[in-house]
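In what follows, a structure is listed as structure tokens, so that the remarks can point back to it.
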Amino acid sequence: MSAPEERYGDALEAAARHARQWLESQETRHVGPRVTAADLAADFGGPLPRDGTPAAEVVDYLATKAEPGLMAMPSGRFFGWVIGGTLPAALAADWLVSAWDQNAVLRYAAPAVSAIEEAAGNWLVGLLGLPEESDVGFVTGATMANFAGLAAARWRLMADAGWDLERDGLFGAPRIRCLVGRERHDSVDLALRYLGLGTPTPVPSDRQGRIIPAELERQLAEGSGPALVCLQAGNLHSGAFDPFAEAVRVAKDHGAWVHVDGAFGLWAAAVPGLSALTAGMDLADSWATDAHKTLNVPYDCGIVVVRDRTALRSSMGVHTSYLIQTGDGAGDPLETVPELSRRARGVPVWAALKSLGQAGVAGQVHRLAERASQLAEQLAALDGVEVLNDVDYTQVSLAFGDDATTRAVTARIIADGRVWMSGSRWR
Ligand SMILES: *Cc1c(COP(=O)(O)O)cnc(C)c1O
């Protein structure tokens, strides 16, 4: 067998060359893909050949054939949904994570990546102003971060109601009342569904999508028993934040667990000038966010933060004889995530935070918000363009007259290729 550098070298060099070409193309390329998945089916499909192909050739083929079907999401000219780019340090760290190929579930087996993720978790909790005693888990995205936070909530609410969830499951368990803002993200419903908690009860929100605390109060007062309240930092369409100080107080008065979906909005807490948006958020019990959005870490990476460590570890953790745990009190990554094998997703987060520093994170988020306001202002000055939201964070929602015209203009912009934007329906 040849030396590892020969076996891996050619393929890695080919990958690095193609990656650089891709990144260099971002400034000028047509943002949208020029082909459909169906167009590419023949290039990647057909019967699996009997014989193999040398690694470097595989990489060349893959990169060349994929090129026209890639969307320039990291280009800075992509305005679809909420999708981040990639910081150089985070991208390079992600490559190392692949090369290291650590199964990052046990401190004992993967000490380096465990220590790095733990440091990243501590930095995050500090940056976002969340309780120091919290546990942090690095998961695939905000959907699974919502899932993990809500699993901890379910465990705690059941335990406090005297119900042994591990032993008895959900059959015959006390019902948990799940209340969500009418404009919560669908991933909250999905997480509740995964957890067997059913469809949540929507609480009316204002025109920007913020939950109305008086309505929350009314609904909580109407019922009784364990309650779970999901609040939102950053509405997909408007970027609006729920009024945390008041909503958390109302929820806590009724003994509810409060979870915050802050997929992109939680990052406002890292910016001194935006702190009013998240004021009072730290009094919640669990928080979900994404690193692959506002922090600009490569896909995929979400983060869950839970104040009640026992609740998170009891709902996610597992203890068996073959998983050798160090027992030094720090806990293993597997106790904070819904996985028993996992990629060290916190390592690119560590690299992103280290490369930016506190001021850099704040600057990055602040710039995003500032550019959104500038963009909204310039667009609002044009004939026939209506900005639908109060822009005080990173989102801008537009209408170009009626729905049909908006659809037609969006299609024209996408075809032009200089920028890309997604269509949606709001209100
Ligand atoms: C993107 C988003 C999610 C889901 O995050 P994923 O990373 O796609 O799982 C949840 N909530 C909000 C508000 C979002 O913007």
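Could you give the C-alpha radius of gyration of region 265-369 expressed as a fraction of 2.2 N^0.38 Å, taking N as the number of residues it contains?
Numbers: Rg = 16.0 Å, N = 105, 2.2 N^0.38 = 12.9 Å.
Working it through for region 265-369, the quotient is 1.24.
On the principal axes of its alpha-carbon atoms, region 5-72 has extents of 35, 30, 9 Å, going from largest to smallest.
A cut-off under 11 angstrom between Cβ atoms defines the neighbours of residue 55, and their net charge, with Lys, Arg +1 and Asp, Glu -1, is -4. Take the Cα of residue 283, step 7 Å along the line toward its Cβ, and report every residue of region 224-256 whose backbone nitrogen sits under 16 Å from that point. Answer for region 224-256: 229-232, 242-256.
In terms of overall dimensions, the chain has a Cα radius of gyration and Dmax of 23.1, 72 angstrom. Within a Cβ distance under 12 Å of residue 201, other residues only, what is the Lys/Arg minus Asp/Glu net charge? Residues close to residue 201 contribute a combined charge of +2. The sum of -39500 (n - 2.57) across all DSSP H runs of n ≥ 4, divided by the residue count of the chain, sets its helix-only mean residue ellipticity at 222 nm to -14000 deg cm²/dmol. Solvent exposure of region 5-72, expressed per residue, is 73 Å² of accessible area, with all protein chains present and a 1.4 angstrom probe. Accessible surface of region 196-328, 1.4 Å probe: 54 percent of it comes from carbon and sulfur atoms. Over what distance in Å are the Cα centres of region 296-318 and region 23-52 separated? One Cα centre to the other: 35 Å.
Inter-part distance, region 209-259 to region 366-427, computed on C-alpha centroids, equals 29 Å.
Counting only residues at least eight positions apart within a chain, or on another chain, the aspartates and glutamates with an alpha carbon under 16 Å from that of residue 65 are 39, 43, 57.
Note on the chain: dipole from Cβ charges, positive end direction compared against 380, 192, 239; the farthest Cα belongs to 380. Once the C-beta distance of residue 373 and residue 62 is scaled by a Förster radius of 45 Å, the resulting FRET efficiency is 0.65 to the nearest 0.05. Region 119-171 and region 53-98 have Cα centres lying 32 Å from one another. Protection proxy ranking for 298-309, 370-381, 342-353, 193-204, using the average of other Cβ atoms within 10 Å per residue and placing the highest first: 342-353, 298-309, 193-204, 370-381. Rounded to the nearest 20, the Cβ-based charge dipole of region 357-421 about its Cα centre (Lys and Arg +1, Asp and Glu -1) stands at 360 debye.
Suppose all protein chains stay in the model; what accessible area per residue would a 1.4 Å probe give for region 334-413, in Å²? Please report the intermediate quantities before stating the final value.
Working: 4090 Å² over 80 residues.
I get 51 Å² per residue for this part.
The apolar share of the surface of region 5-72, taken as the fraction of accessible area on carbon and sulfur atoms (1.4 Å probe, ligands and nucleic acids excluded), comes to 57 percent.
Within the listed set 125, 248, 297, the residue fluctuating most in the Gaussian network model of the chain (springs between alpha-carbon atoms under 10 angstrom) is 125.
The values are calculated or read from the model by the stated rules, or taken from the named source; none is laboratory data. Remember, it's a predicted structure, so these values are computed and weren't measured experimentally. All Cβ positions, even for glycine, are placed from backbone atoms using ideal geometry, and neighbour counts span all protein chains on display. SASA here: full protein model, heavy atoms, side chains in, ligands and nucleic acids out. Shrake-Rupley method; radii C 1.70, N 1.55, O 1.52, S 1.80 Å.
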